[in-house]
Amino acid sequence: MPNGKPAGIRCIQLSDENNCMIFGHPERPAFCAGLQPNEEMCGNEAIGQSREYAMAWLSELEELTRPL
Ligand code: SF4
């Protein structure tokens, strides 16, 4: 996305399966490559946190960082 991905807008590089279609390619933004997954973001299956947990966490982050 030429001017970056606005908060709350689906990235045009996401496939229907929610995979990054430019993963490993030089055009992938440095910010994306630098984002390191961690338990707070991804959840912990051992305590019952699932993909839904991660999606809710990321959605909240998108909402909190949305420009006013
Ligand atoms: S990693 Fe970056 S470029 Fe890839 S889908 Fe996610 S936001 Fe888009």
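The values are calculated or read from the model by the stated rules, or taken from the named source; none is laboratory data. On a predicted model such as this, the values are computed, not experimentally measured, just so you know. Here Cβ is always computed from backbone atoms with ideal geometry, including for glycine, and neighbour counts include all displayed protein chains. Heads up: the accessible areas ignore ligands, DNA and RNA and are worked out on the full protein's heavy atoms, side chains in. Shrake-Rupley method; radii C 1.70, N 1.55, O 1.52, S 1.80 Å.
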>> Restricting to DSSP loop positions (anything but H, G, I, E, B) with no more than 13 other Cβ atoms inside 10 Å of their own Cβ, which chymotrypsin sites (Phe, Trp or Tyr not before Pro) remain in the chain?
In response: F23
>> Could you give each residue of the range 10-16 its phi-based ³J(HN,Hα) in whole Hz, using Karplus coefficients 6.51, -1.76, 1.60 with θ = phi - 60°, and x for Gly or Pro?
In response: 5, 5, 5, 8, 7, 7, 4
> Ordering I9, I47 by how much accessible area each has at a 1.4 Å probe, largest first, what is the list?
Replying inline: I47, I9
> What figure in square angstrom, to the nearest 10, would you give for the accessible area of E27 with a 1.4 Å probe?
Replying inline: 110 Å²
> M1 accessible area, nearest 10 Å², 1.4 Å probe?
Replying inline: 70 Å²
> Each residue of the range 18-35 in order: what ³J(HN,Hα) in whole Hz does its phi give by Karplus 6.51 cos²θ - 1.76 cosθ + 1.60, θ = phi - 60°, with x for Gly and Pro?
Replying inline: 6, 9, 6, 7, 10, 4, x, 9, x, 7, 5, x, 4, 4, 5, 5, x, 6
> For Q49, which sequence-distant residues (separation of 5 or more, or a different chain) have an amide H within less than 5 Å of its own amide H, given hydrogens modelled in the peptide plane?
Replying inline: N44
> Protein chains only, probe 1.4 Å: how do R51, R28 rank by accessible area, largest first?
Replying inline: R51, R28
> Per residue, what volume in Å³ does the convex hull of the Cα atoms of the chain enclose?
Replying inline: 108 Å³
